[in-house]
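Engineer: Dropping the structure in here first, questions after.
Read the figures in this text as sums done on the coordinates, not as results from a lab. Note that the structure is a prediction, hence the values are computed from the model and not measured. Every residue, glycine as well, gets a Cβ built from its backbone with ideal geometry; the counts of neighbours run over all protein chains shown.
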Amino acid sequence: MTAAGSPQGVAARSRRTVQLERRLDVPRWLPYLATLGAVAFALLVSAMILAAVGGDPIRSYLHIVDSAFGDIGVISDTMVKATPLILTGLACALAFRMRLWNIGAEGQLLMGAWGASAVVLVPLLPPGAPALVVIPAMTLAGFAAGALWGFIPGLLKARLAMNEIIATLMLNYVAALWIAFWVFGPWSEGGFQLTAQFPREAWLPRLTDLAAQVPALGGLTVHLGLAFALVAAVALWFILRRSRWGYEIRLTGDSPPAARYAGIDIARNTIAIFMISGGLAGLAGMAEVSGVVHRLQQAISPGYGFTAIIVAYIARFNPLGVIVAAILFGALILAGREIQPAGVPGMIQGIVLFSLIASEVVLRYRIRLVRG
Amino acid sequence: MTSDGSTAPLAIELRGIVKRFPGVVANDGVDFDLRPGEVHALLGENGAGKSTLMNIVAGLYRPDEGEMRVDGRPVRFRSPRDAIAAGLGMIHQHFALVPSQTVTENVLLGLDRPRFLLGLAKHDEEMAALAAGLGLKVDPRAKVWQLSVGEQQRVEVLKMLYRGAHVLIMDEPTAVLAPQEVEELFRTLRAMTASGRSIVFISHKLAEVLAIADRITVMRRGRVTASGIAAAGTSKGDLARLMVGREVLGSVERTMFRPGAVVLSMRDVHAENDKGLPALRGVSLDVRAGEILGIAGVAGNGQSELAQVVTGLRPFLGRIEIAGDVAERRSARDAIRRGVAHVPEDRTGVGSAPNLSITDNLIMKAYREAPIAHGWVIDVSAARRMAESLKDEYSIAAPSIDTLARLLSGGNLQRLILAREIESKPSLLVAVQPTRGLDVGAIEAVHRLLMARREAGAATILISEDLDEILGLSDRVAVIYEGLILGTFDVAEADVQELGLLMTGGTGGLPLEVAPALPGVPGA
C-alpha cells in the first residue's frame, strides 16, 4: 500500500466535481435555447449590477421595453436603429461564416457613408438630378466604397496571409480620420464639423413622407434603408443555403483543407466575401447619411460596426437571425439612452456577448455532476 | 497477492477494468495479466479497446471501475508520472521527441536530474552503455531529426529504460517500420525480456504477433475474447476469428491484368514538402487504365507529396500528363475536371468537412455540375436523392443523410469518401492509406471497391504503408525512397525481402527489375 496514489487516498477525495463530456450530437433546438439562455443570463447579471449600484432593475427593464416597443412611434425609432445593425450584422455574419474575422464593419460603414455623400457633395451628378437617379447612385457609391474598404484586407489576407483582424481593426481608424478630414476641411459647412444638409432628392423616402396621404404615418422615421436590410438578409440567407457559392463558403468555413481538396479557389472567395461584407456595411453608412442624418458628420455611428459583431454572434451567423438580434440591440441602443447616456447599455451588450461565448460550452459539451 | 502459482508476482494484473467514453464502452470488464520476462501481445482491431486499456495502465486515463496491481501491489495512477515511478513505460505511435536536440538531451528531458549543469558528455556515455547492454544501436550524440523512424523509436525505448521502466508497453510499434527494422525491433525486445523486463505489444497484425509474443490476449469491442493464450500452437486463422468474431475471407479476388492506355505519365517530377525541403526528386511513373500501381515505402518518403502533385494540390516542376494532356494548370479544380479522384490520407481534415451533413459531403466534387447544380443554385432535392442512393449503395451506416460527417465512424467516413470519389467515374484514382485505421470488415469493403474500379478500367495509384495490402491489390509495385522511385516490379515477380531492402534505401547491388511497361524512363 505504499505505491503512489493508494486507493485510500483516492477514496478520501470522493466529492462532487463537474465533468465536461464531449457532445456527439447537438440537438437542433439546443443552439436556440442556449442563445435565449445566454441573453436571459446576461440580463440577470446586468440586473444584479444595476441593483448593486442602487438602481431598480425591474423598473429599468420595463422602461427599456416601454421606450423601445411602447407605441408605434418608438417601434419606428427602434427600427431606424436596427437598420444599420442589420446591414453591418449581415456583413459580419457573412464573413464569419467563412471564418474571416472582419471586425472592420465600422470603418466600412464610414466609408460607405462617405461614398454616398460624395455623390451629393463632390457632386458626381448634376444639381437637380431626380431622386430616382440620385438614390440609386448613392446606394451604389456607398456599397462600392464599403466594398473597397473590404477589398484591402481581403487582398492582404488572400495574397500575403496577413491577419485580417489587425488589418480591419486598423482600417477603422483610417476611415474615421478620412471622414474627419472631409468634414473639417473640404466639405465643412461654414467651419462646423459637418457638411451642408443634402437636398431632398438625396433623402431616402421615409414613412412620414407619406403623412399627407395617410396621416397615421406622420412622424414615423423608418426609411427605405430598412427594406434594403431586409432584402439583403433574405438574399444572403438564400445564397448561403441554396447557391453553389454559398456551399463553397460553408465548406471553406468548416474546413479550408477540405475546400482546397474540393477544388475551391479560397483566395478568390476570400476577396469576394470581404468585398460583399464591406459593401453591406457601406450600405449601412449610406442608409444613415441618406435616411437619418441627411448630411455627413463625424458622429454617424455610435459603434454600429462593433455592435454588429455581437449581433452576428447572437444570430449564430444566420442572416435571418441577424434581423431579430439587430432589433433587440436597436432597442437597447435607443432605450438604453433613456436610462443612462453611456455605461449601462454598453455594459449589457458586453455581458450578452460574454454569456454567448460562454454558452458555446453547452453546445460542445454535456455538463455532468459526478462523484469524483 | 499473485493469482497463479508462480513464485514471482505478476508484473501487471488488471481485474474488471471498465472505461466508458461518451457513446461507447471502450473497456468492458477487462482482465489482463503480464508475467515477468514475457512478451504479451494485445491483439484486436482498431477500436477494440487495446490502446484505451494500455493508456489506463500508463496513467493517461483513469478507469471507471476495476482494479490494478503492479508487482502485486494495488495501484491507482493519477498521471503518467505515477506510472513511470511504478516502472511502467509506454511508447506511443506518435513519438514525443524534440527534433533539434540530441538523443541524450531527449532522454534527459523532463527529469529532475541533472538539475542545472547538463554534463552531457558523462550522460552520453551512460546512454551508450545502457543501449549497448540491449543491443540498441543508437548514437547518443546524434540529433533526433537526423535519425530514421526506427532509430527514433529506439530513442523512445531508451527514454523509458533510463527512467527505470521494467515494463514496456508498445502501441503498434511496427506501423512505421520497414520489414528489416521490424526484425531489429524484435531482437531488441527479446534482449529486454532476457534481462527480466516484460513487454506489452499492441498490434492488429497477426503474423507479427505470432512471431514475437509468448502469450496473446485478444480483444473485440471492449471485451477480452481470448485471455493470455500461448502463441505456440495458435494459428492465424484462430486469431482472426477471435479478433473479428467471424470467419475472415481471404484476399480479394482479382481478374487477369489487362492494362490499357497510359492514363497518367509523370516525367522527372520534383516537388517540395510543406517545410520547403525537397520531397520528390525526379519521379517518373506511368499508370495504365485497368491497373493498380502500388507505391510502397516507409512513411514520409514523398508518398503524400506524390499524391498531392497528381491531384493538383501541390505545385511541381517537371511533366505530368493525364490522358495525354499536359497538366499545366496545377489546381485541384483542374485535376477534378480531368477525372482524377482522390481518397486522401487525412479523412477528417481533408477528405470531409466534419460539421457539414453527409449530403453536403457527398456533393463536394459534384456540386458544380448538373444534376446537382442548376445554374448557380444547388438543386437540394437532387442532392438529397443522390445522397440517399449513395448511402444505400455504399452502406454508409448513419441515422440519416443529414447526419454530420464528424459523427461517422472511421469505416463509414471512408465509405462516404469512396462513394463520392468513385461516383465521379474517375479515369485516375489516387488512394492514400485507404484502409488505415479501419476494421477488417471495412478493409474488405474498401478493397472490393478499389478492385471494382480497376475492373471498370480506371487507373489507380495505391499508396500504402502496409506492404501486404499493396501486394494483395496491386498489379505493379513501385518503391519510393527519399523522393525517388528506386524500382518498379510486376507484383508476381516482386520479392518481399528485396522490396523491404529498397524501402530502406539499400540497393545492395540487387538487379533492379524495371517493369517493361516503362520504356524510355531514365533509370531511377
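Engineer: Among the GluC sites (Glu not before Pro) within region B:160-256, which fall in a DSSP loop and have no more than 15 other Cβ atoms within 10 Å of their own Cβ?
Structural biologist: Working: sites: B:Glu181, B:Glu183, B:Glu184, B:Glu208, B:Glu247, B:Glu253; in loops: B:Glu247, B:Glu253.
For GluC sites (Glu not before Pro) across region B:160-256 that sit outside H, G, I, E and B with at most 15 neighbouring Cβ atoms in 10 Å, the list reads B:Glu247, B:Glu253.
Engineer: Length gain on complete extension for the stretch B:His270 to B:Asp334, per 0.36 nm per residue less the alpha carbon to alpha carbon distance? Display every interim value, and only then the final one.
Structural biologist: Values: separation 64, 0.36 × 64 = 23.04 nm, distance 1.93 nm.
Additional length available on full extension: 21.1 nm.
Engineer: Dividing the convex hull volume of the Cα atoms of region B:1-153 by its residue count, what figure in Å³ per residue is obtained?
Structural biologist: Measuring per residue, one finds 156 Å³ for the Cα hull of region B:1-153.
Engineer: With each label point set 7 Å from Cα along the Cα-Cβ vector, what nm distance links A:Leu44 and A:Leu30?
Structural biologist: Taking the simple label geometry, A:Leu44 and A:Leu30 are separated by 2.0 nm.
Engineer: Expressed as a whole percent, how much of the Cα-Cα distance distribution for region B:138-287 exceeds 21 Å?
Structural biologist: Values: 7113 of 11175 pairs.
Looking at region B:138-287, the distances longer than 21 Å represent 64 percent of pairs.
Engineer: Counting C-alpha atoms alone, how compact is region A:85-335: give Rg to one decimal and Dmax as a whole number, in angstrom.
Structural biologist: 18.3, 61
Engineer: Counting helices only, and only those DSSP H runs with n ≥ 4, report the 222 nm mean residue ellipticity of chain B as the sum of -39,500 (n - 2.57) divided by its residues, in deg cm²/dmol to the nearest 500. Please report the intermediate quantities before stating the final value.
Structural biologist: Values: 16 runs with 158 residues, N = 524.
Calculated from helices alone, the mean residue ellipticity at 222 nm is -9000 deg cm²/dmol.
Engineer: Need the list of aspartates and glutamates near A:Lys81 for cross-linking: C-alpha distance under 12 angstrom, and skip anything on the same chain fewer than eight residues off.
Structural biologist: A:Glu288
Engineer: Round to the nearest 0.05 the FRET efficiency obtained for A:Leu124 and A:Met162 when R0 = 30 Å and r is the Cβ-Cβ distance. Please report the intermediate quantities before stating the final value.
Structural biologist: On the way: r = 32 Å, r/R0 = 1.07.
Between A:Leu124 and A:Met162 the formula returns 0.40.
Engineer: Could you state the angle between the C-alpha long axis of helix A:225-242 and the longest principal axis of the C-alpha atoms of chain A, as a value from 0 to 90 degrees rounded to the nearest 10?
Structural biologist: Tilt relative to chain A: about 50 degrees.
Engineer: If you don't mind, there's one more thing I want to ask. Pull up the DSSP beta bridges for the protein assembly as shown and report the antiparallel fraction as a percent, rounded to 5. Can you show the working numbers first?
Structural biologist: On the way: 57 of 94 bridges.
Around 60 percent of the beta bridges assigned by DSSP in the protein assembly as shown are antiparallel ones.
Engineer: Taking +1 at the Cβ of each Lys and Arg and -1 at the Cβ of each Asp and Glu, which of B:Gln152, A:Val361, A:Ala196 sits farthest along the dipole of the protein assembly as shown towards its positive end, judged by Cα position relative to the Cα centre?
Structural biologist: Among B:Gln152, A:Val361, A:Ala196, the one farthest towards the positive end of the dipole of the protein assembly as shown is A:Ala196.
Engineer: Please go through region B:338-410 and write out the chymotrypsin sites (Phe, Trp or Tyr not before Pro) that DSSP classes as loop and that have at most 12 other C-beta atoms within 10 Å.
Structural biologist: Numbers: sites: B:Tyr367, B:Trp376, B:Tyr394; in loops: B:Tyr367, B:Trp376, B:Tyr394.
Loop-located and lightly packed - B:Trp376.
Engineer: On a C-alpha basis, how far is the centre of region A:214-240 from the centre of region A:126-159 in Å? Whole number, if you could?
Structural biologist: 19 Å
Engineer: Still on this model: So what's the net charge close to B:His92: Lys and Arg +1, Asp and Glu -1, counting the other residues with Cβ under 10 Å from its Cβ? Each step should come with its number before you reach the end.
Structural biologist: Numbers: positive: none; negative: B:Glu156, B:Asp171, B:Glu172.
Result for the local shell: -3.
Engineer: Also, quick follow-up: For chain B, what proportion of DSSP beta bridges, expressed in % and rounded to the nearest 5, is antiparallel?
Structural biologist: Expressed as a percentage, antiparallel bridges in chain B total about 55.
Engineer: In what sequence, highest mean first, do B:257-265, B:478-486 appear when ranked by Cβ atoms within 10 angstrom?
Structural biologist: Descending packing order for the listed peptides: B:478-486, B:257-265.
Engineer: Could you give the spread of the C-alpha atoms of the protein assembly as shown along their three principal axes, from largest to smallest, in whole angstroms?
Structural biologist: Projected onto the principal axes, the Cα atoms of the protein assembly as shown cover 102, 75, 57 Å.
Engineer: Between beta-carbons, use under 15 Å as the cut-off and find the net charge around A:Gly89, counting Lys and Arg +1, Asp and Glu -1.
Structural biologist: Working: positive: A:Lys81, A:Arg97, A:Arg316; negative: A:Glu106, A:Glu288.
It works out to a net charge of +1.
Engineer: Counting alpha carbon pairs within less than 8 Å and at least 6 residues apart, what relative contact order, in whole percent, applies to region B:12-244?
Structural biologist: Working: 441 pairs, mean separation 70.1, N = 233.
The normalised contact order for region B:12-244 reaches 30 percent.
Engineer: Going through region B:57-152, which trypsin sites (Lys or Arg not before Pro) have at most 15 other Cβ atoms within 10 Å and a DSSP loop state?
Structural biologist: Values: sites: B:Arg69, B:Arg76, B:Arg78, B:Arg81, B:Arg115, B:Lys122, B:Lys137, B:Arg141, B:Lys143; in loops: B:Arg76, B:Arg78, B:Arg115, B:Lys137, B:Arg141.
Within region B:57-152, the qualifying trypsin sites (Lys or Arg not before Pro) (loop, at most 15 other Cβ atoms within 10 Å) are B:Arg78, B:Arg115, B:Lys137, B:Arg141.
Engineer: What is the total of Lys pairs in chain B with C-alpha atoms under 25 Å apart, excluding same-chain pairs fewer than 8 positions apart?
Structural biologist: 15
Engineer: What's the FRET efficiency of A:Ile58 with A:Ile357 using the Cβ-Cβ distance as r and R₀ = 25 Å, to the nearest 0.05? Mind showing how you got there, number by number?
Structural biologist: Working: r = 27 Å, r/R0 = 1.08.
After rounding, the FRET efficiency stands at 0.40.
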